[in-house]
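Working notes for the structure below.
The values are calculated or read from the model by the stated rules, or taken from the named source; none is laboratory data. If you're wondering where the values come from, they're calculated on a predicted model, not measured in any experiment. Note that we place each Cβ from the backbone using ideal geometry, even for glycine, and neighbour counts take in every protein chain shown. These area figures cover heavy atoms from the full protein model, side chains too; ligands, DNA and RNA do not enter into them. Shrake-Rupley method; radii C 1.70, N 1.55, O 1.52, S 1.80 Å.
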Amino acid sequence: MTNTKERAEDTCPLTYQCRLSLSTRTVNHLAGLLRRHLKVIWSRWRILPPGKIAVIVLAVLRHDQRLADLAGGNNVSESTVRRWRDELIGLLAAQAPRLGRALRRVVKQGGEAVLIDGTLIRTQRRTGKADWRNYSGKHHCHGLHFLALTDESGRLIWISAARPGCTHDNTAARRDRILAHLRAAGLGAVADLGFRGLDNDILDPVVVTGYTASRTHKLTPGQKTANRVLANGRAPVEHGFAHLKNWRTLTKLRTDPARATELLRALLVLTNLEVNR
């Protein structure tokens, strides 16, 4: 009993260094954003400088580090790290462009079409009937559904609000009035077969999808070729999602689903800072 007590008293917390694979530009942007915010709210003092706070928050988002581990390594409380994380996520999410503005920017840059797709961000399974809608029968797991738009090179330009995992791509696109925004901006969109039926205008379609075969109708060689061309054209949107999911905090969301929209829009801003450096 005495030996066990002596060993417990002799132990001390250990810390280690970890490489954060992000550019200095991203850290400086986040630190500058925090400095301007502190001036606005007349906050004269924080326990750590803005640059250090930015690195801690980026470690949480990039490597999904536990808040308690980062708090212990920097001699602050876990609640302080959580408050910093939520504060900076809110500041970044406010910089994310809304749909109409994002499409107008594409037009201003000379773009003629955008790429649209949906994705599922996995979440922890929660108890209660309220979580049943978050189950995706397609992916066989619980998650939240998001729509995203990219330009022709695969750069993410907009991301939708979080919806239950059972939401269909067409349903999400109709709720966000994607067609109306595309027509107003004079842009077209390339999408996968999940968006078939979204645009029923035969003479002047805005959303272009591929062809599907049925038991009674085989695809012609021309239709197969068209599907291959569209698949090649849609490849950049998958690259955009891959860049977004490099933030390991999205591996399995442990945050409140109500805050997931703000988190994804903050990561959209950070992703564009990293990709376009």
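Scan the range 148-191 residue by residue and report those that are polar (S, T, N, Q), more than 16 Å from Val206 (Cα to Cα) and not in a helix (DSSP H, G or I). Reasoning before the result, please.
First, pick out the residues of the range 148-191 that are polar (S, T, N, Q): 150, 153, 160, 167, 170-171.
Among the residues that remain, those that are also more than 16 Å from Val206 (Cα to Cα) are: 153, 160, 167, 171.
Ser153, Ser160, Thr167 - these are the residues of the range 148-191 that are polar (S, T, N, Q), more than 16 Å from Val206 (Cα to Cα) and not in a helix (DSSP H, G or I).
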*Complete set of residues in the range 31-49 that are under 24 Å from the mean Cα position of the chain (by Cα) and open to solvent by less than 40 Å² (accessible area, probe 1.4 Å)*: Ala31, Gly32, Leu33, Leu34
*asked:* Can you say whether Ala180 is small (Gly, Ala, Ser) and open to solvent by 30 Å² or more (accessible area, probe 1.4 Å), as far as the supplied structure shows?
replied: yes
*Output the qualifying pairs, or none if there are none: Cβ atoms under 6 angstrom, residues six or more apart or on different chains, first residue in the range 248-277 and under 21 Å from Ser153 (Cα atoms) and at pLDDT 90 or above, second residue open to solvent by 70 Å² or more (accessible area, probe 1.4 Å) and among the polar types (S, T, N, Q).*
Val269/Gln95
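Kindly indicate the residue of the range 191-208 that is on the phi < 0 side of the Ramachandran plot and of a type in the set (Gly, Ala, Ser) and also surrounded by the fewest Cβ atoms within 10 Å (Cβ to Cβ) among those meeting that condition. Outline the logic, then answer.
Residues of the range 191-208 on the phi < 0 side of the Ramachandran plot: 191-196, 198-208.
Now drop any that are not of a type in the set (Gly, Ala, Ser), which leaves 191, 194.
Details: Ala191: 25, Gly194: 16.
By that ranking, first place goes to Gly194.
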_Failed condition for His168, given (1) closer than 30 Å to Asp256 by Cβ; (2) without any contact (Cβ under 8 Å) to a residue 24 or more places away in the chain; (3) surrounded by fewer than 20 Cβ atoms within 10 Å (Cβ to Cβ)_ = (2)
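Which one of Gly188, Gly240 is farther than 19 Å from Leu120 by Cα, open to solvent by less than 90 Å² (accessible area, probe 1.4 Å) and touching a helix residue (DSSP H, G or I) at 6+ places or on another chain (Cβ under 9 Å)?
Numbers: Gly240 fails: farther than 19 Å from Leu120 by Cα.
Only one candidate qualifies: Gly188.
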_Residues that are touching a His at 6+ places or on another chain (Cβ under 7 Å) and surrounded by fewer than 13 Cβ atoms within 10 Å (Cβ to Cβ), drawn from the range 121-151_ = Arg125
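Just checking, how many residues over the range 102-117 are outside any loop (DSSP other than H, G, I, E, B) and either open to solvent by 20 Å² or more (accessible area, probe 1.4 Å) or modelled with pLDDT under 90 (or both)? Break it down into steps so the answer makes sense when it comes.
Here is the first cut: in the range 102-117, the residues outside any loop (DSSP other than H, G, I, E, B) are 102-108, 113-117.
Adding the requirement that they be either open to solvent by 20 Å² or more (accessible area, probe 1.4 Å) or modelled with pLDDT under 90 (or both) leaves 104-105, 107-108, 113.
Selection size over the range 102-117: 5.
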_Could you tell me how many of the residues in the range 18-58 are in contact with a Leu (Cβ under 7 Å, 6 or more places away or on another chain) and small (Gly, Ala, Ser)?_
1
*Could you tell me whether the range 200-221 includes any residue that is of a type in the set (Lys, Arg) and closer than 24 Å to Gly165 by Cβ?*
no
*asked:* When the residues of the range 209-237 are narrowed to those that are among the β-branched types (Val, Ile, Thr) and not in a helix (DSSP H, G or I), which ends up surrounded by the fewest Cβ atoms within 10 Å (Cβ to Cβ)?
replied: Thr216
*asked:* Give me the residue from the range 67-101 that is in contact (Cβ under 8 Å) with a residue 40 or more places away in the chain and in a loop (DSSP other than H, G, I, E, B) and, out of that set, farthest from Leu30 (Cα to Cα).
replied: Arg98
